[in-house]
Amino acid sequence: MEIQIGREGNQPFQITDKEVSRKHAVLRSLSDETYLLEDLGSTYGTFINNRKIIKAVVNANTEVRLGSQYILKISDLLAPFEKEKEEKKRLEEEEKSLIERFNQLKKIYNDYMSEKINIQRNMAVKNFYRTLPSIVSMLLWGLTMVFDHSKWVAAIKPFMGGLMVMFVGIATFLVYKGLKEQPVKMEELNKQFMIDYVCPKCGNFLGYIPFESLVNKKQCSFCKCKWI
């Protein structure tokens, strides 16, 4: 940062005092807390504590006199620049927070896909066990057909037939019930995903797009904010 001080300087206020030169002094930043004030060969001089200076290290609380009577405080020169600095810092922190929240979408997408697979897998396993009794009963029924000549097989054949019909009916009912449960669970999962998988800035749902594809896009399709 560099501020030219004078009647034609770029300080954040106008100076009309005739004892202040057009290009009277310059203020340069040294660190976050200190600054270098340098006189630019002014006609009436630059003073700190009534001592004429050519160069001096100052801080925001330092009072400076230009010529015989014009007094200013270093903080008056810094006010607009400090405001700009704070705004820049705020934007940087906002951008950092945006990127951090965007990176959290990776876990949200991976969790969604894992839960989706689990729902499908669990339903497939349940349907297998639901149909297992009917499969076993059908196998036993088949054995009764093979050993139909046996008297004891012939005796239990009607019972096996009835058992098979009962198991097939129960299995069909349970599978049908399971098929109704799966869409409900998937709908609940999708609803939550649509709430969570959104742009961290505008809040719009990003669709069922893999996180890696979002990274390649680099910005939101809605608000155009950059993610990386």
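Which residues, counting only those in region 180-228, are of a type in the set (S, T, N, Q) and not in a loop (DSSP other than H, G, I, E, B)? Listed by number, the residues that qualify are Gln182, Asn190, Gln192, Ser213, Asn216, Gln219.
Condition test on Glu82, is it closer than 30 Å to Lys201 by Cα, at pLDDT below 85 and either outside the structural domain of Ser31 (by TED's automatic domain parsing) or over 17 Å from the mean Cα position of the chain (by Cα) (or both)? Answer is yes for this residue.
The set of residues in region 66-117 being of a type in the set (S, T, N, Q), farther than 30 Å from Glu188 by Cα and surrounded by 13 or more Cβ atoms within 10 Å (Cβ to Cβ) consists of Ser75 alone. Taking residues in region 70-83 that are in a helix (DSSP H, G or I), and partners anywhere that are among the aliphatic types (A, V, I, L, M) and loosely packed, with under 15 Cβ neighbours inside 10 Å, the pairs with Cβ atoms closer than 7 Å and at least 6 places apart or on different chains are Phe81/Met1.
Looking across Asp76, Asp111, one residue alone is under 30 Å from Glu8 (Cβ atoms), outside the structural domain of Phe13 (by TED's automatic domain parsing) and at pLDDT 90 or above. It is Asp76.
The values are calculated or read from the model by the stated rules, or taken from the named source; none is laboratory data. Predicted model, so just to flag it, every value in this text is computed and none were measured. FYI the Cβ positions are ideal-geometry reconstructions off the backbone, even for glycines, and counts take in every protein chain you see.
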